[in-house]
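A.B. asks: Structure incoming, see below.
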Amino acid sequence: VELGKADEIKHVELLENAEDAQDPVWRRAGWTPGEYVDAVSQQEFMEKSQAMKALEDKVRAKGKVNARDLEWLRKSALKRRSLALRKLHNYAKSLTGSDKLHPAIIMREDKGDKGGKDDKKGDAKKKDEPPKEEKLSKKHQELLDKKKADEEAKMKELDRKQLESWDKPLDKIAETTDLDKLELLLLDQLLGYNRIIHDYFLGFPAVSSAFRTSEAQAKVVVKAIKSLRAAFKKIQLSKLPAADQPKASVLVRYLFTMCQEAMNSFGKKDLDGKGIKAIQEALICVGFPKTAEHAFQTWKAHQLKVAEAAAAEAAAATEKGGKAGKDDKKKAGGKDDKKKDEKKKDDKKDDKKDKKDKK
């Protein structure tokens, strides 16, 4: 309590009425004391644009402003706002790339189904059962196979022509000695001009969009690896000055990533002996001999699996062919025996008729 008394301010006189404490300056100026000003609302306030001011002046120039004019002003303001929002939305969409995403998938249950647990069990059984394959006639299957073969032939022909047009840009990579230019040529050729991520080699977007068959895509990637390795030989990375070493290390990482993605995408099926050899040489060239050996062993294991599967299919086909031949022989033998028995019966009937005639 003593501390409280000591802290009391004695030279200030408290007044009950706020009006009595009003400064005479407020009275002389005619201001209203205690007026609250919201700083946030002041910042949010936006002045009217020149176009809106021109519209208002146009309406006022008529002299008399009626309700129809005010409604027209309100609608024009809303229209301008909607156009601005649309422009902002398109700009935001172009920055994020959200227009290329898949729309949201919403699962809904049908409320009209009144079935109980039995229906659910039946549906579950139907889902577990494998789908029945439609039986096609031989002619129908032949037509489908022929159509498929024609489409594949067309695709291969298109890819062959496209390969011819890609030869010059890929050869240009091997002849380039400027590091910046080499990086730009490589990324433009394999990833495309409209790439979002600078060095995202997954799937080789430009190559996969230009070529339809995976075989042609593998050829292009292998040739790009060879061209980049040839450029490294010309540049002689080990003799570059210290200022250019960071750029050289970036290109080395690109080559390693290209080899890795080529093995992931084409190592099981489309890479031949020459392709795996080019990948090994490129990896050894940049100092990864163990990785090159591992890549070869992986490719070899896939090739052995394919060869074993092909041998098993050939053996199964020969077995089926042998059984079918035996069955055909049995059927043919059975038919011949039946024909012989019928002939014997006919001969006996003829002999009986001849004897009756003689009598």
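The values are calculated or read from the model by the stated rules, or taken from the named source; none is laboratory data. Given the structure is predicted, the values throughout are model-derived calculations rather than measurements. We place every Cβ from the backbone using ideal geometry, glycine too, and count neighbours over all the protein chains shown. To get the accessible areas, we keep the full protein, side chains included, count just its heavy atoms, and leave off ligands, DNA and RNA. Shrake-Rupley method; radii C 1.70, N 1.55, O 1.52, S 1.80 Å.
A.B. asks: Quick one: count up the residues across region 170-209 that are within 19 Å of the chain's Cα centre (by Cα), of a type in the set (A, V, I, L, M) and open to solvent by 30 Å² or more (accessible area, probe 1.4 Å). Even if it seems obvious, please write down each step before you answer.
C.D. replies: Applying the first criterion (within 19 Å of the chain's Cα centre (by Cα)) to region 170-209 yields 187-209.
The next check asks that each one be of a type in the set (A, V, I, L, M); those that pass are 187, 190-191, 196-197, 202, 206-207.
From what's left, open to solvent by 30 Å² or more (accessible area, probe 1.4 Å): 196-197, 202.
Result for region 170-209: 3.
A.B. asks: Which residue is farthest from the chain's Cα centre (by Cα), if the candidates are limited to region 135-160 and must be aliphatic (A, V, I, L, M) and assigned to a helix (DSSP H, G or I)?
C.D. replies: Of the residues in region 135-160, the ones aliphatic (A, V, I, L, M) are 136, 143-144, 149, 153, 155, 158.
Now restrict to residues that are assigned to a helix (DSSP H, G or I): 143-144, 149, 153, 155, 158.
Numbers: L143: 33, L144: 29, A149: 27, A153: 26, M155: 21, L158: 23 Å.
Once the filter is applied, the top-ranked residue is L143.
A.B. asks: Among the residues of region 250-261, is any in a helix (DSSP H, G or I), crowded, with 19+ Cβ neighbours inside 10 Å, touching a Ser or Thr at 6+ places or on another chain (Cβ under 9 Å) and of a type outside the set (A, V, I, L, M)?
C.D. replies: yes
Matching residues to (1) touching a Pro at 6+ places or on another chain (Cβ under 7 Å); (2) free of Cβ contacts under 8 Å to residues at least 60 places away in the same chain:
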site: A153; (1), (2): no, yes
site: R160; (1), (2): no, yes
site: E164; (1), (2): no, yes
site: K172; (1), (2): no, yes
site: T177; (1), (2): no, yes
site: D188; (1), (2): no, yes
site: G192; (1), (2): yes, yes
site: F201; (1), (2): no, no
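A.B. asks: Now a separate question. Search region 246-270 for residues that are touching a residue at least 24 places away in the same chain (Cβ under 8 Å) and at negative phi and pair each with any residue that is open to solvent by 30 Å² or more (accessible area, probe 1.4 Å) and of a type in the set (F, W, Y) when their beta-carbon atoms are under 8 Å apart and the residues are at least 6 apart or on different chains.
C.D. replies: F256/F288; M263/W299; G267/W299
A.B. asks: Could you tell me how many of the residues in region 101-125 are part of a helix (DSSP H, G or I) and at pLDDT 65 or above?
C.D. replies: Applying the first criterion (part of a helix (DSSP H, G or I)) to region 101-125 yields 117-125.
If we keep only those that are at pLDDT 65 or above as well, we get none.
Summing the residues that are part of a helix (DSSP H, G or I) and at pLDDT 65 or above in region 101-125 gives 0.
A.B. asks: Take the conditions surrounded by 12 or more Cβ atoms within 10 Å (Cβ to Cβ) and part of a helix (DSSP H, G or I) and apply them to T298. Does it pass? Walk me through how you get there before you give the answer.
C.D. replies: Numbers: surrounded by 12 or more Cβ atoms within 10 Å (Cβ to Cβ): yes; part of a helix (DSSP H, G or I): yes.
So T298 fits the description; yes.
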